[in-house]
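To start, the structure itself, in structure tokens.
None of the figures in this text is laboratory data; all of them are computed from the coordinates on show. Nothing here was measured: the structure is a model prediction, and the numbers come from that model. As a convention, Cβ positions derive from the backbone with ideal geometry for all residues, glycine included, and neighbour counts pool all protein chains shown.
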Amino acid sequence: MYNLAKDNPDSAYYKWLDRKPNRRKNLAKILSDKQVDRLSQSFLVSGLSRTLKNLGEEPVIIDNKKVLKSRNRLKDYYTFIKGYFDVEIDTKIDSVGDKKGKVTYIIKTGRAYTLDTITHEIETPALDTLYTKIENKTLIKKGDVFNNENLSLERERITNYFRNNGVFHFQVNNISYDVIDTINPYKNYKLNVVTRIENRDVRKGDTIVKEPFKVFKISQVNIFTNSRKNEIDKQNDSATYKDYNIYSLGKLNYKPKALANSVFINKGDLYSDNNRKLTSTAFNNLRVFNFPTIEYVEDTINGKSELIANIYLTPIKKYNLTAFLDLTHSNIQDFGITGGLSYTFRNIFRGAEILEISGKGNIGSSQDLANPNNTFFNISEYGGNVKLTFPRIFFPLNTSSIIKKEMFPTTQFNTGFAIQNNIGLDKQTLTGGINYNWSTNDNRNNFKFELVGINYVRNLNVGNYFNVYRTSYNTLNSLAQIYNVNPAYVDGNGELIFENTLDFVADVLDGNTSLTSGDEDYKSVSSIFERYNRLTEDNLIVSSSFTFNRSTKTNFTDRNYYNFRAKLESAGNLLSLFAQNVKPEETVSANGNKKLFGIEYSQYAKGEIEYVKHWDLGGQSSIAIRTFGGLAIPYGNGTSIPFSRSYFGGGSNDNRGWQAYSLGPGRSGSQFDFNEANMKLGFNSEYRFNFFGQLNGALFTDIGNIWNIYDNVEDPDFIFQGIKSLNDLAVGSGIGFRYDFNYFVFRLDFGYKVHNPARPEGDRWFKDVSFGKTVLNFGINYPF
């Protein structure tokens, strides 16, 4: 395919263009001179050749020089990395067909050399003393096979230790090794290694002299809050906090304590690369300064080996306003306009705090809603949020001994509201919370503790329920054709009237129809009514949670890592204490649950765990897996889990053989519009590869389901009943396409139901695998 492409299709185009003198002129009359030139890069002229080269692979021509270069590289590898100093490598080139050949490398390694005596020679006494403290942790050990990579790693280890213990001028190239074959009349394949560190080279005038390395301490720490190096002499405001000198070009707008809290370079400490890095990271995390510049200058006044640390900070703009506007289309609205504003105040209390105020609104048009006034924009949603972030733990008790400042702790206070009109049940939502975040200094372990999280949901249009949840209505409507005993509940076509749907349900549950509690249809009506009560009730959730995240990903391009996340959440305990101090007659609902502010508050415990692992296979290929388990148990004042805290199955980030909310619970077969439960198990796997260019692909298998357990659901098809319920795990599989736009990845997955637990046992495997039953899932970025 590669050879089918033209090498220079644009050149061939210009040759064709110039072959006749009037050809360009005639084309320019139809197009323009610029467009005539652009045709050389069009798909018509060059596109086919570009596609063939992208799809194909450039032939590799046998080249004796490259063969020799490869042989030498192999020799270096086996000698210096594997320790085979007597390795012999021969090459052979053979013909294997018409214009095809193969190259064979014949490697005779011989015996590997091992390390024998390991010593060191260090000229600077201070460094020799430091080295003896870490010598027993060396990466080069007697008996190991010689490996040059281990020597390099040992060199980096020593350098890091010295530079974090005051040796400011030390560099990795100050360390060298002498590797000597042991003197023995009989070859014993042993090597002696000498770690050699000479004194430092110092330029004095036109000559370079040797001087011992010095161990430096910090004599001063100066912080310049809004100036550059060349403006030091212009500072006209200053302050001193502990041992930190703080200067400002103009009025000092920052509390000294807040700045000092981000500095890990202390007067009297030894110079340390780690402290320098921590200081840079801490100031960067404040989000009120650009990345800081930290400079060290030798202090020559007192003649000691000391350094002056100068930290230069450039403030980010104090106020920032951002806005956005989107045009949208969804299954809720045919056309919508969404807009929002966000205003950021930095350093609002002079302690590097950040206040963010945002508002968002949406107006839309929907033909599915009753619209007597014929108004085009007949649905709306709006809301706002306020978030205040402190770059420290804001708590009455001192937590510095537990959460140290090198963990970069933050405290966030947030509150918000949202109001919907003509959308679903028209909810009013109020949220608020206080949470604390911190991490280890390598940023691999992250912690979040939500001290209190408040979520209040009020449904304003409960009468619209059966218009929104049409699957439930359709089930009741079909049953009403058989069991309805009141003609007033149906219209002229015999269809159940929306407003009388609950009346029919009441007749069934009160025994006014021929249905009895043991009938399957009676159970269906009972389940729908239970779900109606659950989704129309107002919710008051006051919870606390703790989340731990660990990631071994080292950088953006790392494709060989794992992520681990665990979360524990508890809700309702605080409200339960308050409810004890309110008069009983004011706190008990009709079903016996306690109420606060006229609402039954939720009470539950929830735990979940997730593990994601990636393996890099090379060549833009990788394998990724995810496992997930979650369980939420209601207790006390709760008999079920609020909808917003429950689990669902299916969708672009879950089991892609099913659409979101259409899987489960258990083997029930998705009886509702939005199926959810309080327990979930999931396992996902993907083999990811590249088609060509920016287009990538994936083969995936998703396994999982949701169940009810320890709540008020009684239908056995919904309930997890131990090991035997694992037979109800759904299996979806398929192929996916991903196009990488660099800033994000657009994803399209074609999923199929390989094992469908909603079908009868013995008839579940591969019954829904056909092109006509393809489930399309769209997504942004990878699912895990």
Inset, instruction - Output the relative contact order of the stretch 319-460, whole-number percent, from Cα pairs under 8 angstrom with separation of 6+ residues. - result: 16
Inset, instruction - At 7 Å along the Cα-to-beta-carbon direction for both residue 470 and residue 38, put a label point, then send me their distance in nm to one decimal. - result: 4.5
Legend entry - All-pairs alpha carbon distance profile, the chain, 20 Å steps from 0, percent: 10, 30, 33, 22, 5, 0
Inset, instruction - Given a cut-off of 30 Å, name the pairs among 387/427; 255/360; 257/318 whose C-alpha atoms lie farther apart than that in the structure shown. - result: 255/360
Inset, instruction - Rounding to the nearest 20 debye, state how big the charge dipole of the stretch 76-123 is about its Cα centre with +1 on each Lys and Arg Cβ and -1 on each Asp and Glu Cβ. - result: 540
Inset, instruction - Filter the cross-link list 214/405; 242/404; 214/304 down to pairs whose alpha-carbon distance in this structure exceeds 20 Å. - result: 214/405
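Is there a pair in 6/66; 523/594; 108/142; 137/567; 102/190; 141/448 whose C-alpha atoms are over 31 Å apart, and which pairs would that be?
Listed pairs above 31 Å: 137/567; 102/190; 141/448.
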Legend entry - Stretch gain in nm, segment residue 60-residue 30, where the contour uses 0.36 nm per residue and the Cα spacing is subtracted: 6.4 nm
Inset, instruction - Starting from the Cα gyration tensor of the stretch 319-460, multiply each eigenvalue by 5, take the square root, and state the resulting semi-axes largest first in whole Å. - result: 39, 17, 13
Legend entry - Charge-dipole axis of the stretch 318-449 as Lys and Arg at +1 and Asp and Glu at -1 on Cβ define it, positive-most pick from 421, 348, 365: 348
Inset, instruction - With r as the distance between the Cβ atoms of residue 599 and residue 520 and R0 = 25 Å, compute the FRET efficiency 1/(1 + (r/R0)^6) and round to 0.05. - result: 0.15
Legend entry - Computed over the chain: relative contact order in percent, which uses C-alpha pairs under 8 Å that are six or more apart: 5
Inset, instruction - Within the set of other residues whose C-beta is less than 13 Å from the C-beta of residue 721, count the net charge using Lys and Arg as +1 and Asp and Glu as -1. - result: -2
Inset, instruction - Compare the Cα positions of 497, 480, 532 along the charge dipole of the stretch 463-536 (+1 at Cβ of Lys, Arg; -1 at Cβ of Asp, Glu; about the Cα centre) and return the one farthest towards the positive end. - result: 532
Inset, instruction - Provide the gained length on full extension for the span residue 377 to residue 182, in nm with one decimal, where the gain is 0.36 nm per separating residue minus the Cα-Cα distance. - result: 61.3 nm
Inset, instruction - Enumerate the aspartates and glutamates that residue 75 could reach by cross-link, defined here as Cα to Cα under 14 Å, with residues fewer than 8 away along the same chain left out. - result: 86, 88, 90
Legend entry - Set of aspartates and glutamates with alpha-carbon distance to residue 53 below 19 Å, sequence-local pairs under 8 removed: 7, 10
Legend entry - Net length gained if the chain between residue 208 and residue 530 were fully extended (0.36 nm per residue, minus Cα distance): 107.2 nm
Legend entry - Assigned charges on the beta-carbon of Lys, Arg, Asp, Glu; the chain dipole about Cα centre (debye): 3740
